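The values are calculated or read from the model by the stated rules, or taken from the named source; none is laboratory data. Here the structure is a predicted model, which means the values were calculated and not measured. Here the Cβ positions follow ideal geometry from the backbone for every residue, glycine too, while neighbour counts run over all protein chains shown.
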Ligand SMILES: [Fe+2]
């Protein structure tokens, strides 16, 4: 992905293209990785005002980049990529750290809106337990799941801007723990509640999509997985703008009601975008998790390569949860093995073999 930034924001490790300023270029090449402050000074001294940064080829950790070609949207770009001098800050180093995070969240991480506003799921015990990263991984998996339920339930009951912002933060911490605690993660695949609540659905999808994203990208350090994971949890937040009688309707919905439901991806995107909670990589999750490769999905009907893999990851977890839970306009439900079989038999053209294979593997070699 290419982001155009102001020259004073250049940093060592960025892979840049300054071909548009060739007449001022003090170097022999247009595209290269910045390796010294000297190079940055040369660029500034030459009067070059902006540069295109290739975020995929960059080796720096870059946060809060703003694309000057798209300034009115004021999107923040978060790019994380491994490099020796920055290893301490990348997700790769979180792996295999069973005893705790390399950068443990501060003690007060959960002392925000949820510390004073509780409901039946966010008890003080669960708030204390979430901090205890030394409990056994199977117990820890249940605590993380339960905490996720508490956050999402509170969010759906109080979908106000401050709560949404606080929830995003909590969910980012939760997914950071999932990324950081592989043993806990291995138990999480089987921790599930199959009630019909939408907040339960959000947690089930959030966790399974996060586990799939870790399988796909965990070793590349290319993406901000906790940020992505939080978006998986929030994928159905648009449902808070739809009549709860329709969202929670136990039986089949009418065509008219389904038209309402089909609005939730865009409504969710709008909620998060208005609160500036989306970044360049992850906005697609909320917007496109119901798109399908043949164009039969909604809300845009986009096809195949136009659908971002992050949206497809969320889509697989979403379909799996729909098949295995009592939610989604049905009272029966499939057993996990049957659901996997249905997905493999019927969803291959929608999601592609690589993602589906990785998803199925999540259930193998697990506890
Ligand atoms: Fe959805």
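Yes or no, residue by residue, for (1) modelled with pLDDT of 85 or more; (2) in contact with a helix residue (DSSP H, G or I) (Cβ under 8 Å, 6 or more places away or on another chain):
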| position | (1), (2) |
| --- | --- |
| 298 | yes, yes |
| 302 | yes, yes |
| 311 | yes, yes |
| 317 | yes, yes |
| 320 | yes, yes |
| 329 | no, no |
| 339 | no, yes |
| 343 | yes, yes |
| 349 | yes, no |
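Quick check on the stretch 187-195. Is at least one of its residues in the same structural domain as residue 314 (by TED's automatic domain parsing), within 16 Å of the ligand (Cβ to nearest atom) and more than 19 Å from residue 282 (Cβ to Cβ)? Walk me through how you get there before you give the answer.
If we filter the stretch 187-195 for residues that are in the same structural domain as residue 314 (by TED's automatic domain parsing), which is where we start, we get 187-195.
Applying the additional criterion that residues be within 16 Å of the ligand (Cβ to nearest atom) yields none.
Within the stretch 187-195 (the criterion being in the same structural domain as residue 314 (by TED's automatic domain parsing), within 16 Å of the ligand (Cβ to nearest atom) and more than 19 Å from residue 282 (Cβ to Cβ)), the answer is no, since none of the residues qualifies.
For residue 259, the conditions (1) part of a helix (DSSP H, G or I); (2) within 14 Å of the ligand (Cβ to nearest atom); (3) modelled with pLDDT of 90 or more all hold with the exception of (2).
Condition check ((1) over 19 Å from residue 186 (Cα atoms); (2) touching a residue at least 40 places away in the same chain (Cβ under 8 Å); (3) within 15 Å of the ligand (Cβ to nearest atom)) across all residues:
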{"residue": "209", "(1), (2), (3)": "no, yes, yes"}
{"residue": "214", "(1), (2), (3)": "no, no, no"}
{"residue": "240", "(1), (2), (3)": "yes, yes, yes"}
{"residue": "247", "(1), (2), (3)": "yes, yes, yes"}
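Among the candidates 281, 294, 274, single out the residue that is surrounded by fewer than 20 Cβ atoms within 10 Å (Cβ to Cβ), more than 14 Å from the ligand (Cβ to nearest atom) and in contact (Cβ under 8 Å) with a residue 12 or more places away in the chain. Talk me through it step by step, then tell me what you get.
Numbers: 281 fails: surrounded by fewer than 20 Cβ atoms within 10 Å (Cβ to Cβ); 274 fails: in contact (Cβ under 8 Å) with a residue 12 or more places away in the chain.
None of the other options fit; the residue is 294.
For the condition more than 16 Å from the ligand (Cβ to nearest atom), at negative phi and assigned to a helix (DSSP H, G or I), residue 267 does not qualify. The lone criterion from (1) in a helix (DSSP H, G or I); (2) within 22 Å of residue 208 (Cα to Cα) left unmet by residue 293 is number (1).
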